[in-house]
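Just below is one structure, and these are the notes that go with it.
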Amino acid sequence: MEIVLSEDERVELMRRAGLSDRRTAERARIILACADGMSNAGAAQAVGAALKTVRKWRGKFAAERLAGLEDEGPIGRPKSELVLTEGERAQLVRWARRAKTAQYLALRARIVLMCAEGVTNKQVAADLGVDQSTVDRWRARFVTDRLDGLQDEPRSGRPPSILLDQVEDVIVATLESAPPGKDTHWSRSSMASRTGLSKSTIGRIWKKFDLKPHLQDSFKLSTDPQFVDKVVDVVGLYHNPPEKAVVLCVDEKSQIQALDRSQPVLPMMPGMPERRTHDYVRHGITSLFAAFNIADGSVISELHRRHRAIEFKKFLVTIDKTVPAALDVYLVCDNYVTHKTPEIQQWLARHPRFHVHFTPTGSSWINQVERWFAMLTDKLIRRGVHTSVQALENDIRDWIDTWNENPRPFTWTKTADEILTSLANYLARITPPNNKNETD
């Protein structure tokens, strides 16, 4: 189709072609090129646009003239404005933050809160890791039905015999209360008596929300005033060991017992695990001194019948003889008293290539040799049968020799910042808020 411009149209198109708006300027240049007699392909080449783009705007100009070059309005129904009242915002925040809120309701509350802040549905979906259709649905449901719209609609079929309020009551009671009397934790029977539900129902609710009142784990928070500095120091050695040096995690596994079962161990059979008597005979103890090389996983070790500074000094001498003289030695040790006696301090002063880095008090988890001790215990000591201390020591030496034939280092992944952040978050959860009504 031929494009013929009036004088006013040409003037207006020339003006638009010089605008900073790239899309408006491109459309004007397309029409001017077509009006000069160029074909669609020629205009596309001259303007630097796609052929289909030239066809589109040439056709629209021919049909509607200058008005055809304007952007069309957005397709579809515009989104309803989402404005929260103070009461609605407070309830949504409680749902989003409360630990015992069902996760589906917490997610919907976070969606609405973000939408109310003016964030686009697409961005909300990306931030929360959900599909955009999910954000569209719950935004629309809230605009229509407000807070009630975030609850699940009744489903077809037989109504549930256990109401959500009953489920929440079980969860809250499990997490925030103890059974009457002297019991320390809830059982299915005691919770069933309290709520009137069956024991199997209580069990299903606990399984659904991964609650295990019968289990208890342990923890220990370090009280070391230099905890942060020591974590940064030791983890820094793991991630960035010094050049021309070896980093050894050193510790003692003391009082390893040579245990002999009172009756022979019955071997494992199909359908039956290995069995042993619950009682045993003690034949004495020994102590293992070990230095774990974080670079290659090899272990320097010694066995002693006693566990004193004298034995630790002998072990330091063994390390000094084993590590090549050209390398500095960085030792990661705990705060056991035998590591800090004057005799040990004097020995270290006479051997300046040794540098000792102490772990925080009560934080043996940061010493990699402890993980190696756990492997030794699991694979040899716990289920071993030894009729004498000598037999125990021989087995330990053989196990270590086998390990050193194909040593395997551990990979320390967490940085000091990640460890300290995780600890800070845990402390925030277990520390009760200050009571504002209390006086100083």
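The values are calculated or read from the model by the stated rules, or taken from the named source; none is laboratory data. All of these numbers come straight from a predicted model, not from anything done at the bench. Ideal geometry is used to build each Cβ from the backbone, glycine not excepted, and the neighbour counts take in all protein chains shown. What goes into the accessible areas is simple: the full protein's heavy atoms, side chains included, and nothing from ligands, DNA or RNA. Shrake-Rupley method; radii C 1.70, N 1.55, O 1.52, S 1.80 Å.
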Identify the single condition in (1) basic (Lys, Arg); (2) open to solvent by 90 Å² or more (accessible area, probe 1.4 Å); (3) over 30 Å from residue 328 (Cα atoms) that residue 244 does not satisfy, given that it satisfies every other one.
(3)
What strands (runs of 3 or more DSSP E) completely inside the range 267-363 contain at least 3 residues that are open to solvent by 10 Å² or more (accessible area, probe 1.4 Å)?
280-293, 299-304, 354-358
Single condition residue 255 does not satisfy, out of (1) open to solvent by 70 Å² or more (accessible area, probe 1.4 Å); (2) on the phi < 0 side of the Ramachandran plot
(2)
Among the residues in the range 35-48, are any at pLDDT 80 or above and exposed (fewer than 10 other Cβ atoms within 10 Å of the Cβ)?
yes
Here are 125, 106, 96: which of them is under 30 Å from residue 176 (Cα atoms), open to solvent by less than 40 Å² (accessible area, probe 1.4 Å) and either of a type in the set (D, E, K, R) or free of Cβ contacts under 8 Å to residues at least 12 places away in the same chain (or both)?
106
Given the options 201, 184, 195, name the one that is open to solvent by 70 Å² or more (accessible area, probe 1.4 Å) and of a type in the set (S, T, N, Q).
184
Would you mind finding the one in 79, 60 that is modelled with pLDDT under 85, under 30 Å from residue 112 (Cβ atoms) and surrounded by 11 or more Cβ atoms within 10 Å (Cβ to Cβ)?
79
In the range 141-155, which residue that is among the aliphatic types (A, V, I, L, M) and under 33 Å from the mean Cα position of the chain (by Cα) is modelled with the lowest pLDDT?
150
Which of (1) without any contact (Cβ under 8 Å) to a residue 24 or more places away in the chain; (2) surrounded by 15 or more Cβ atoms within 10 Å (Cβ to Cβ); (3) within 23 Å of residue 376 (Cβ to Cβ) is the odd one out, the single condition residue 218 does not satisfy?
(2)
Quick one: would you say residue 401 is in a helix (DSSP H, G or I) and surrounded by 15 or more Cβ atoms within 10 Å (Cβ to Cβ)?
no
For the range 364-384, enumerate the residues that are among the polar types (S, T, N, Q) and in a loop (DSSP other than H, G, I, E, B).
367
Determine, yes or no, whether residue 133 is farther than 18 Å from residue 17 by Cα, at pLDDT below 80 and surrounded by fewer than 17 Cβ atoms within 10 Å (Cβ to Cβ).
no
Counted residues, the range 1-53 - those being more than 51 Å from the chain's Cα centre (by Cα) and hydroxyl-bearing (Ser, Thr, Tyr)
2
Against the condition in a loop (DSSP other than H, G, I, E, B) and at positive phi, how does residue 224 come out, does it pass?
no
Exclusive hit being of a type outside the set (Ser, Thr, Tyr) and within 22 Å of residue 239 (Cα to Cα), set 372, 347:
372
Result of the Cβ filter at 7 Å on the range 186-209, keeping first residues that are among the basic types (Lys, Arg) and partners that are open to solvent by less than 50 Å² (accessible area, probe 1.4 Å), at least 6 apart or interchain, is 188/202; 188/203; 194/173; 199/192
